[in-house]
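Heads up: the structure comes next, in structure tokens.
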Amino acid sequence: MISLTSEKFRSYDFSHVCLGDLIEARQNQKVHHRGHIEEAHPELGVFWIQDTITGTRRLIDFDSFEIFFGRQAEEVPLTV
């Protein structure tokens, strides 16, 4: 599984979103989705990720989740 390293940050400005960025989408401090951005539409407030938790492609809405970004990732077991 992929986990964000200590170099993660929460963002409210999504103009910096880049393809390949690793994100975690959280609600109430619980990780619901995690994966790399495959397609981004910051002007619409959404992006697509390949979710490593569910194994599916997910549309992430900026308003529905707290979004944490990490530029680096490492292989570690998922603990939620």
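Nothing in this text is a laboratory measurement; each read-out follows from the coordinates by a stated rule. Because the structure is a prediction, the values reported are computed rather than measured. Cβ sites come from the backbone with ideal geometry, for glycine too, and all protein chains shown count toward neighbours.
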field: From phi via Karplus (6.51, -1.76, 1.60), per-residue ³J(HN,Hα) for the stretch 29-39 in Hz, x at Gly/Pro
entry: 6, 10, 6, 9, 9, 8, x, 8, 5, 9, 8
query: Which residues' amide hydrogens lie under 5 Å from the amide hydrogen of Ile53, considering only partners 5 or more residues apart or on another chain, with H built in the peptide plane?
result: Arg34
task: Between Lys30 and Glu43, with labels modelled 7 Å along Cα→Cβ, what's the label distance in nm to one decimal, could you check?
output: 3.6
